[in-house]
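Worksheet: one structure, shown below.
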Amino acid sequence: MPNDLFNTPEHEMFRSTVRKFVETELAPRSREFDEMGRIDKSIYKKMGDLGLLGLRYDPKWGGAGLDYSFTTILFEELGAWGNAGVTMGISVHSDMATPSLHDFGSDELRARFLVPAIKGEMVSAIAVTEPGAGSDVSGIKTRAVRDGDEWVINGSKMYITNAATADWLCVLVVTDPGSGYGGFSQIIVPTDTPGFRYELLDKIGNWSSDTGALYFDDVRVPFANTIGDPGRGFQQQMMQFQDERLVACITALAGSQRLWEITRDYAKERILFGKPLSKMQVSQFKFVEMQIQLEAARELTYACVRRRIQGEDATREISMAKVLAGRTIRYVADECMQLHGGYGYMKESTAGRAFVDARLMSIGGGSDETMIHYLAKMLGF
């Protein structure tokens, strides 16, 4: 790891805290969470008690006020242990559903929803994707119409993480259909609001995260639940996506590095044709090629972290990192499964889990094609 990012005793102490939490609270319950199809909500409370939620947020609202290097350490340690579903649920709550609320929300909204989220007393989710609008956010149809001091929301969302666990949602809706990108707003919707319901979906991977479809049928919430100014929701969501994508890169690459190490150790023990698999040139070449790609993707991701710490716009670099990280972890997961042989195809194996989990990286949070489309524009095409 680069010394300029994680070079203080505070960093090492923080990493030890997170690692201990993973080893004592998460790893022993991994299979339980898989079978539940979600994370026990007590995990969020325990993380809140340790100050692991809201790391970069203002201490006024219960945050730690730390720079992005600590967020990087948190998700490297969460990503390395191998249950991507658990890490996804946590990251959605801590770094995907709450940034807009922290950065643009009113003090009243922060007190009601952000403070308990940072404490782990409430769980949050981000609701953007719809059945007919995924990476093209501008195509969403869910509508909020103002009625006096309330919004009345109708529509649906799809593939939403923490669908069954969330206590509140950060929902992107259309509030002024004729205003283009200025016609969207972000609104907080408590999940106990009448007219709201969810339906869980069955995924091929990330088994410990609850993913579902959300339905809004004349859901009424106060107009004051608007995050920031009405009509600024699209721009705020685009900024929030940068947190989502960078966290995804950090998590995925840490998990892939750990998978590489597990597979290397397996190859040293696996005897094939009278010698360890690791002594075969074809295997050695695979490990080297994987490590080259992991190093390249990780360094690009760290470059994004540096820009975030310095307060610079990293949209271009994060978009590139997400594409590269997604392709890298898919490649590593596939090669590691191959090196594990038949056991790698078992659901219980680390390699098998990684194989099905890795595929989502190039789809969720903006597909590879969408990132490349954005990048082409940034490069002048």
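The values are calculated or read from the model by the stated rules, or taken from the named source; none is laboratory data. Quick caveat, the model's predicted, so the values are computed rather than measured. Cβ atoms come from the backbone with ideal geometry, glycine included; neighbour counts cover every protein chain shown.
Meeting the requirement of 1 or more residues that are farther than 25 Å from Asp67 by Cβ, the helices (runs of 4 or more DSSP H) wholly within the stretch 1-57 are 30-36, 42-49.
Taking the stretch 55-69 on its own, how many of its residues are under 13 Å from Val115 (Cβ atoms) and basic (Lys, Arg)?
Pass one, the stretch 55-69, residues under 13 Å from Val115 (Cβ atoms): 57-63.
Subsequent filtering for residues that are basic (Lys, Arg) retains 60.
Matching residues across the stretch 55-69 total 1.
Mind checking whether some residue in the stretch 236-253 is farther than 17 Å from Leu172 by Cα and among the polar types (S, T, N, Q)? Looking through the stretch 236-253, at least one residue is farther than 17 Å from Leu172 by Cα and among the polar types (S, T, N, Q). Going through (1) closer than 30 Å to Asp40 by Cβ; (2) without any contact (Cβ under 8 Å) to a residue 40 or more places away in the chain; (3) not small (Gly, Ala, Ser) one by one, Ile160 falls short only on (2). Across the stretch 58-75, which residue is surrounded by the most Cβ atoms within 10 Å (Cβ to Cβ) among those that are among the aromatic types (Phe, Trp, Tyr) and out of contact with any Ser or Thr (no Cβ under 8 Å at 6 or more places or on another chain)? In this case the residue turns out to be Tyr68.
Quick one: which residue in Asp149, Asp103, Asp136 is modelled with pLDDT under 95, among the acidic types (Asp, Glu) and either in contact with an Asp or Glu (Cβ under 7 Å, 6 or more places away or on another chain) or outside the structural domain of Val247 (by TED's automatic domain parsing) (or both)?
Details: Asp149 fails: modelled with pLDDT under 95; Asp103 fails: modelled with pLDDT under 95.
Only one candidate qualifies: Asp136.
Taking the listed residues Ala297, Ala325, Ala314, the one that is in contact with a Lys or Arg (Cβ under 7 Å, 6 or more places away or on another chain) and not hydroxyl-bearing (Ser, Thr, Tyr) is Ala314, with no other qualifying. Out of the stretch 188-214, which residues are surrounded by 20 or more Cβ atoms within 10 Å (Cβ to Cβ), in contact with an Asp or Glu (Cβ under 6 Å, 6 or more places away or on another chain) and assigned to a strand (DSSP E or B)? Correct list: Gly212 only. Tally up the residues in the stretch 196-226 that are farther than 30 Å from Arg353 by Cβ and either without any contact (Cβ under 8 Å) to a residue 40 or more places away in the chain or in contact with a Leu (Cβ under 6 Å, 6 or more places away or on another chain) (or both), please. Qualifying residue count for the region: 2. Annotation: of all residues in the stretch 76-119 being acidic (Asp, Glu) and more than 27 Å from Gln235 (Cα to Cα), the one that is surrounded by the fewest Cβ atoms within 10 Å (Cβ to Cβ) is Glu76. Can we say Lys377 is over 17 Å from the mean Cα position of the chain (by Cα) and farther than 15 Å from Trp260 by Cβ? Answer is yes for this residue.
If we scan the stretch 179-187, do we find a residue that is outside any strand (DSSP E or B), at positive phi, within 20 Å of the chain's Cα centre (by Cα) and not assigned by TED's automatic domain parsing to the domain that holds Met361? The answer is no; no qualifying residue exists.
Within the stretch 292-336, track down each residue that is more than 28 Å from Asp67 (Cβ to Cβ), surrounded by fewer than 24 Cβ atoms within 10 Å (Cβ to Cβ) and in contact (Cβ under 8 Å) with a residue 12 or more places away in the chain. Passing the criteria: Arg327, Arg330, Tyr331, Asp334, Glu335.
Of the residues that make up the stretch 129-136, is at least one more than 17 Å from the chain's Cα centre (by Cα), small (Gly, Ala, Ser) and surrounded by 15 or more Cβ atoms within 10 Å (Cβ to Cβ)?
So the first thing to find is which residues in the stretch 129-136 are more than 17 Å from the chain's Cα centre (by Cα), and the list is 130-133, 136.
With the extra rule that they be small (Gly, Ala, Ser), the set shrinks to 132-133.
Checking which are surrounded by 15 or more Cβ atoms within 10 Å (Cβ to Cβ) leaves us with 133.
Taking every residue of the stretch 129-136 in turn, at least one turns out to be more than 17 Å from the chain's Cα centre (by Cα), small (Gly, Ala, Ser) and surrounded by 15 or more Cβ atoms within 10 Å (Cβ to Cβ).
Answer yes or no as to whether Arg306 is more than 18 Å from Thr72 (Cα to Cα) and in contact with a Leu (Cβ under 9 Å, 6 or more places away or on another chain). It is false that Arg306 is more than 18 Å from Thr72 (Cα to Cα) and in contact with a Leu (Cβ under 9 Å, 6 or more places away or on another chain).
Name the residue that is surrounded by the most Cβ atoms within 10 Å (Cβ to Cβ), counting only residues in the stretch 24-54 that are under 14 Å from Met88 (Cβ atoms) and of a type in the set (D, E, K, R). It would help to see each step written out before you state the result.
Filtering the stretch 24-54 down to residues under 14 Å from Met88 (Cβ atoms) leaves 26, 30, 33-34, 37-39, 43-44.
Then keep just the ones that are of a type in the set (D, E, K, R); that gives 34, 38.
Details: Asp34: 17, Arg38: 23.
Selected residue: Arg38.
In this entry, Lys60 is excluded by the filter for residues that are assigned by TED's automatic domain parsing to the domain that holds Arg19, touching a residue at least 24 places away in the same chain (Cβ under 8 Å) and not small (Gly, Ala, Ser). Within the stretch 137-159, the only residue that satisfies the criterion of being in contact with a helix residue (DSSP H, G or I) (Cβ under 9 Å, 6 or more places away or on another chain) and buried (at least 24 other Cβ atoms within 10 Å of the Cβ) is Trp151. Among the residues of this structure, Ile160 counts as one that is within 30 Å of Ala27 (Cα to Cα), aliphatic (A, V, I, L, M) and either assigned to a helix (DSSP H, G or I) or at pLDDT 95 or above (or both).
Only one residue in Ser42, Ser69, Ser94 is of a type in the set (Ser, Thr, Tyr) and farther than 29 Å from Pro9 by Cβ, so which one is that? Spell out how you get there, then give the answer.
Values: Ser69 fails: farther than 29 Å from Pro9 by Cβ; Ser94 fails: farther than 29 Å from Pro9 by Cβ.
Testing whether each residue is of a type in the set (Ser, Thr, Tyr) and farther than 29 Å from Pro9 by Cβ leaves just Ser42.
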